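First the structure, in the form of structure tokens, and then the observations on it.
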Amino acid sequence: MMDFDSVQAEAKKAWEAQTDGSRPRIIIGMATCSISAGAKETLQAVKKELTRKGIDAEVNITGCIGLCYQEPLVDVALPGRHRISYGPITTDLVPQLLGDVLSGKETAAELAVGTFGPRESASIPHLFDIPFMRFQTRRLLARCGLIDPENIDHYIALGGYSALAKAMSMPPEQVIDEVKRSQIRGRGGAAYPAGLKWEQCRAAKGYPKYIVCNADEGDPGSFVDRTVLESDPHEVLEGMLIAAYAIGSDSGYIYIRGEYPLAAHRFSTALRQAEEKGLLGANVLGSDFQFHVEIRRGAGSYVCGESSALMSSIEGLRGMPRLKRPRSVEKGLWAKPTSMNNVETFANVPLIINNGGDEYASTGMERSTGTKLFSLSGHVLRTGVAEVPFGTSLQTVIEDIGGGPLPGRKIKGVMPGGPAGGVIPATMFDLPIDFDTLAKAGSMVGSGGLVVFDDRTCIVDLARYSAAFMRDECCDRCSTCRTGTQKLVAFLDALSCGDGKPGDLERLGNLGEVVKRLSHCGLGQTAPNTALGALAHFRSEVEAHLLDKRCPAKVCSPLVQYRIDPLRCTLCGLCAPACPTQAIIGNGKLSIIDENCIRCGICYVVCRDEAVVVESGVAVRALV
Amino acid sequence: MSYWLTKYPPERGSLLPILHEIQTQEGYVSKEAVAAVARYLGLSASQVYGVLTFYSQLRTAPLGKKVIRICEGPACHLEGMDKIHHVLEAILGIDVGETTSDGSFSLEFVPCNGTCNHAPFLLVNDDAYRRVQASQIKGILEKYE
């Protein structure tokens, strides 16, 4: 049997050679979020600047540390000094940063986010002491943003694959027992106990048995799985390997969302490197255990994140959900026993094996053990990915980690898990985050997306957005979902147009319950959540649309009117040419032709005299 | 046309990877390609077409020269993406999912990028536009004309 210790020693040597501080090292965060923020351009600028100055430095990439609001992030580690993170570093700041830092003159404190070492000054705190980090318990994220995700040595040097070696020294039943003792529940949305699933799959008769990793993270606003896959892919692969060993499987699939090309690229690199190291393939660590993984790419279908639809998709069928009996642990992919887990669930497995199930279960809540990753987005000061123990309040995540509302605004609520997750009003932010509490509140932990919305948001518009998303993504097989989501949108459309009829809110509520109860799969069962949440928590705002034909947030365009106040208008001539539909006319006095107006708000933005007035309500309609 | 034949075994499970490959190589999946894939996998053309049209990322027609990608994530929606996409539709005279008749612009929705603090977020080919306002759209489009 091949010795894992020698694999580890080799990796540590490679890691140390790179980080021994013999020359400056520059590390640039390079995940989808960073690239969208301009990290590729920053990387080019860094390389150019180093060449121009003739500086010999090592340039590495890393994944996302979670501080998406500070992207692009550039870390600098000078010989004999701690690594310091700087951000956001756009191309124009590169010469300044490299000039100051590499000359050893100073630390460019005004650009610093934090240091990996002890606090250096008021403007360079310890990175994990800044508010976004302080309230986190970073386990799954421990290596994200620290290591190069395309270099397996980094992962191994920091403890990676030791759990696999440990698991393979245990009988498979004992591995399953540890996972059961950890009481970990699936992170994909259904919250099914993972250990139980593994046990059932091991007990099921049939060959081959399949391990499937669900990386079809489709909930808008959720990007935790992507962060893990792009920043620490081996963590997920190691979890899959341990599952395969425990269940007795020799072949697996990872189904990665089509919209995640970088995650697929990084995972495929991870597969190749693991195979080269003898950690994957025919004889894992020189033993009889073999495991092969194939990557399958989705192609833009939300419903494929549902487990049975995902299997249909792998089999080359339309990605439609199928009947859940027999269960997939008995007859799943190609009617063979299949154990499917989510990316985040697999990422937890090495922790469970390394520290033991009981130790794992001591974090979090009784029925929701461990930590949970959240992607924070929307109307919040700091966006990004954070990890907290179950039982942490929404308040902590949104106010302390996320930094609360944007300047001058007030947070109204949050959509956990995107359009499927319902809404939780700000008055309930003291709720602890765990599977059961959020379910009771008509919401869910879901995939971990937290979309915060503030007082500029119209709840009817948000419900309509959610319902329309579900309608578009419905596979059209079962009628409650197909017709139901269409009707949901129709009700919400009517409300946002001021065409709601008496009794519509009751009808909408009833329809929501029917769609929820009678739809075949999770898509339909969660499709009405935002609408039902709006009725439950924001009833008066919904009623304003129905009774007063008024949108209090002035978002629903048919209920909003743009008007030019002649007393304020100076005829400066900015608005008319800016209007994309030529709706602004007049010479001595400007006015807006309501039929041509698409409510884009451009005139409102370009007007310097505050002469464009936005109004909503019956009274306004009478005026025009 | 047969570059994918040797790469994937002739079984139903190869269908989606083959369609991906064809689109990567040719930009879309043509009628001829559908027929060839059906022959190779022993399926009917309608079975292949059924799968092809189920997935929103797979295309049956080529894209325009410039592709404008609108983030449909909730953070962008909350920041007024609706207005931006209505302005784009009004100026280009097409709906999202369509290509202008001269083949110069296509409008597409893309899912949340996670760049939510840059919302609303727009891509024109590979150029990123962050915190876009509806009033900037005209100027942005002019750069590509």
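Figures for the structure shown
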{"quantity": "Additional length obtainable on full extension of the chain from A:Ile130 to A:Gln44, 0.36 nm per residue less Cα span", "calculated": "28.1 nm"}
{"quantity": "Set of lysines with alpha-carbon distance to A:Lys549 below 17 Å, sequence-local pairs under 8 removed", "calculated": "A:Lys501"}
{"quantity": "Dipole magnitude of chain B, debye to nearest 20 (Cβ charges: Lys/Arg +1, Asp/Glu -1, about Cα centre)", "calculated": "240"}
{"quantity": "Relative exposure of A:Thr480, A:Thr32, judged by other C-beta atoms within 10 Å (fewest first)", "calculated": "A:Thr480, A:Thr32"}
{"quantity": "Whole-Å distance, taken between Cα centres, linking segment A:167-201 and segment A:249-320", "calculated": "20"}
{"quantity": "Sites A:Lys13 and A:Glu359, calculated FRET efficiency, Cβ-Cβ separation with R0 35 Å, nearest 0.05", "calculated": "0.70"}
{"quantity": "Residue exposure sequence - A:Cys521, A:Cys497 - by fewest surrounding Cβ within 10 Å", "calculated": "A:Cys497, A:Cys521"}
{"quantity": "Fully extended contour minus Cα-Cα distance, from A:Asp5 to A:Ala203, at 0.36 nm per residue", "calculated": "68.0 nm"}
{"quantity": "Dipole in debye (nearest 20) - segment A:433-575, about Cα centre, beta carbon charges: Lys, Arg +1; Asp, Glu -1", "calculated": "280"}
{"quantity": "Greater than 23 Å apart at Cα, pairs in A:Lys48/A:Lys277; A:Lys12/A:Lys180; A:Lys205/A:Lys324", "calculated": "A:Lys48/A:Lys277; A:Lys12/A:Lys180"}
{"quantity": "From phi via Karplus (6.51, -1.76, 1.60), per-residue ³J(HN,Hα) for segment B:40-51 in Hz, x at Gly/Pro", "calculated": "5, 9, x, 10, 7, 4, 5, 5, 5, 4, x, 6"}
{"quantity": "Structure-based [θ]222 nm, the protein assembly as shown - -39500 (n - 2.57) summed over DSSP H runs of at least 4, per residue, nearest 500", "calculated": "-11000 deg cm²/dmol"}
{"quantity": "Among A:His292, A:Gln96, A:Phe4 - extreme Cα towards positive end, dipole of chain A, charges at beta-carbon", "calculated": "A:His292"}
{"quantity": "Label-point separation in nm, B:Glu11 to A:Glu543, each point 7 Å along Cα→Cβ", "calculated": "6.1"}
{"quantity": "Computed FRET value (nearest 0.05) for A:Asp430 with A:Gln96, which takes r as the C-beta separation and R₀ as 51 Å", "calculated": "0.70"}
{"quantity": "DSSP-assigned coil residues among trypsin sites (Lys or Arg not before Pro) in segment A:58-151, each with at most 14 further Cβ atoms within 10 Å", "calculated": "A:Lys105, A:Arg119"}
{"quantity": "Exposure rule at most 15 other beta-carbon atoms within 10 Å, DSSP loop chymotrypsin sites (Phe, Trp or Tyr not before Pro): chain B longest free segment", "calculated": "B:29-143"}
{"quantity": "For A:Lys372, residues with placed amide H under 5 Å, excluding near neighbours", "calculated": "A:Val388, A:Phe390"}
{"quantity": "24 Å Cα-Cα threshold exceeded, pairs from A:Lys554/B:Lys83; A:Lys410/A:Lys487; B:Lys7/B:Lys65; B:Lys65/B:Lys143; A:Lys372/A:Lys440; B:Lys83/B:Lys143", "calculated": "A:Lys410/A:Lys487; B:Lys7/B:Lys65"}
{"quantity": "Inter-probe distance in nm under a simple model that places probes 7 Å from Cα toward Cβ, at A:Arg81 and B:Arg131", "calculated": "2.9"}
{"quantity": "Gap separating the Cα centres of segment B:94-138 and segment A:22-52, nearest whole Å", "calculated": "25"}
{"quantity": "Eligible aspartates and glutamates near B:Lys31 by straight Cα distance, threshold 16 Å, same-chain separation 8 or greater", "calculated": "B:Glu21"}
{"quantity": "Sparse-neighbour loop sites [GluC sites (Glu not before Pro); segment A:104-168; at most 16 other C-beta within 10 Å; DSSP]", "calculated": "A:Glu106"}
{"quantity": "Segment A:154-297 shape via C-alpha gyration tensor axes, a/c threshold 1.5", "calculated": "oblate"}
{"quantity": "Distance in nm between pseudo-label sites at B:Lys138 and A:Ser169 (7 Å out along the Cβ direction from Cα)", "calculated": "7.2"}
{"quantity": "Unit charges on C-beta of K, R, D, E only; dipole of chain A, Debye", "calculated": "1320"}
{"quantity": "For segment A:420-567: relative contact order, % (alpha-carbon pairs under 8 angstrom, 6 or more apart)", "calculated": "31"}
{"quantity": "Helix A:194-203 vs. chain A, principal-axis angle (Cα, 0 to 90°, nearest 10)", "calculated": "50"}
{"quantity": "C-alpha long axis of helix A:479-497 to longest principal axis of chain A, angle in °", "calculated": "40"}
{"quantity": "Unit charges at the beta carbon, dipole of chain A: most positive-side option, A:Gly54, A:Leu280, A:Ala553", "calculated": "A:Ala553"}
{"quantity": "Long-range amide H partners of A:Gly66 with built H, under 5 Å", "calculated": "A:Val385"}
{"quantity": "Over segment A:459-522, equivalent-ellipsoid semi-axes from the Cα gyration tensor in Å", "calculated": "20, 13, 9"}
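Each reported figure results from applying straightforward, stated rules to the coordinates on display, with no laboratory input. These numbers come from a predicted model, not from an experiment. Counting neighbours? That spans all protein chains shown, and the Cβs are built from the backbone with ideal geometry, glycine included.
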